[in-house]
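All remarks here apply to the structure that follows.
The values are calculated or read from the model by the stated rules, or taken from the named source; none is laboratory data. Only a predicted model underlies this, so the values are computations on that prediction, with no experimental measurement involved. Here the Cβ is made from the backbone with ideal geometry for all residues, glycine too, and neighbour counts use every protein chain on show.
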Amino acid sequence: MGGFHGTSAPEGKVAVVTGGGSGMGAATSLRLAREGRAVAVLDIDADGAETVAERIVAAGGKALPVAADISNRDQVRAALARVRADLGPVTILVNNAAVENFCPLGGLDDATWDRLMAVNLKGCFIVTQEVLPDMEAAGWGRVVNISSFGAQTGAPDMAAYTASKGGVIALTRSLAVELGRKGITVNSVSPGFIDTPMARRAIDGNLFPVPFEQIVATYPIPRLGRAEEVAAACCFFASEDAGYVTGQVLGVNGGTAF
Ligand SMILES: NC(=O)c1ccc[n+]([C@@H]2O[C@H](COP(=O)([O-])OP(=O)(O)OC[C@H]3O[C@@H](n4cnc5c(N)ncnc54)[C@H](O)[C@@H]3O)[C@@H](O)[C@H]2O)c1
């Protein structure tokens, strides 16, 4: 991976965005950088992280690409050591990385179930726990966990995925009540159907029971969401202004779940 990017000293705080190399994570990384944060773009896909970090620097921001699998504690520790050395202590964390799976219950195997839980739920636990000392030392922290409207509505052939995302909502609420008195807020953004590579894989693979245009047509706001619309919600939770907001789940979903 490339080394340190950008030249100007960061005015704000240091943010880590997991899964920052694609989709909503990329949009959130770009927006946080525009708002003056130094952003560590953490992704298992080293090239994706590098590309987003380069875009941030080209736009005048400060970024560091770091490659790590969030389900692997040693890799996360090594990545965060680089972030601290190059950017400073981490006080904003967006737990966005996840993997999807479509499979009817009868065919769902243990390995798939375990992998989805390991990345989507345990990954949030590992990365949050590993940045916690920085937030405790600062007496200030913002954790934003990306869940999914599927955890709220249910979704066919997505039991492992939606169960992992339901866990993310429960984790958010428990950490919010545990960490509030330390100055750390923990909130969740629950996206609806957002136009990203993840959604395109499902659309292109015809993995929905009916064409996606028919699904979207039933939504109160009848279109796919945009990654930038999710990024805006993440950046609100990450802001100074959101200091009295914790344990919340904000749907950015066109009105599909409440
Ligand atoms: N796209 C949608 O319609 C939708 C809907 C609801 C929720 N979500 C959630 O939004 C978040 C962002 O999704 P997206 O649509 O931008 O997906 P995406 O697939 O475009 O991007 C996800 C990124 O996470 C990275 N990643 C995957 N496993 C990782 C791991 N083990 N360690 C580190 N990085 C890893 C990928 O390399 C990728 O860059 C995810 O949590 C997803 O579950 C997506």
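Collect the residues in region 200-223 that are near the ligand (Cβ under 10 Å from one of its atoms) and either within 18 Å of Gln152 (Cα to Cα) or assigned to a loop (DSSP other than H, G, I, E, B) (or both), keeping them in residue-number order.
Of everything in region 200-223, nothing turns out to be near the ligand (Cβ under 10 Å from one of its atoms) and either within 18 Å of Gln152 (Cα to Cα) or assigned to a loop (DSSP other than H, G, I, E, B) (or both).
May I ask you to verify whether Ala163 is away from the ligand (no atom under 14 Å from the Cβ) and among the small types (Gly, Ala, Ser)?
no
All but one of (1) more than 17 Å from Leu93 (Cβ to Cβ); (2) touching a strand residue (DSSP E or B) at 6+ places or on another chain (Cβ under 7 Å); (3) not acidic (Asp, Glu) hold for Gly48; which doesn't?
It is condition (2) that Gly48 fails.
Please list, ordered by first then second residue, the pairs with beta carbon atoms under 7 Å, 6 or more apart or interchain, first in region 171-185 and assigned to a helix (DSSP H, G or I), second surrounded by fewer than 14 Cβ atoms within 10 Å (Cβ to Cβ) and of a type in the set (Gly, Ala, Ser).
Lys182/Gly139
Give all pairs with beta carbons closer than 9 Å in which a residue from region 131-154 that is farther than 9 Å from Gly183 by Cα and of a type in the set (D, E, K, R) meets a residue that is crowded, with 21+ Cβ neighbours inside 10 Å and at pLDDT 95 or above; count only pairs at least 6 apart in sequence or on separate chains.
Short answer, once both residue conditions are applied: Asp134/Val14; Asp134/Leu80; Asp134/Val90; Asp134/Thr91; Asp134/Gly141.
Among residues belonging to region 108-140 that are surrounded by 15 or more Cβ atoms within 10 Å (Cβ to Cβ) and small (Gly, Ala, Ser), point out the one that is farthest from the ligand (Cβ to nearest atom).
Filtering first and then ranking leaves Ala138.
Filter region 141-160 for residues that are part of a helix (DSSP H, G or I), more than 10 Å from the ligand (Cβ to nearest atom) and surrounded by 23 or more Cβ atoms within 10 Å (Cβ to Cβ) and give the result.
Step one: filter region 141-160 for residues part of a helix (DSSP H, G or I), giving 149-153, 159-160.
Imposing the further condition that a residue be more than 10 Å from the ligand (Cβ to nearest atom) reduces the set to 152-153, 159-160.
Answer for region 141-160, where residues must be part of a helix (DSSP H, G or I), more than 10 Å from the ligand (Cβ to nearest atom) and surrounded by 23 or more Cβ atoms within 10 Å (Cβ to Cβ): just Ala160.
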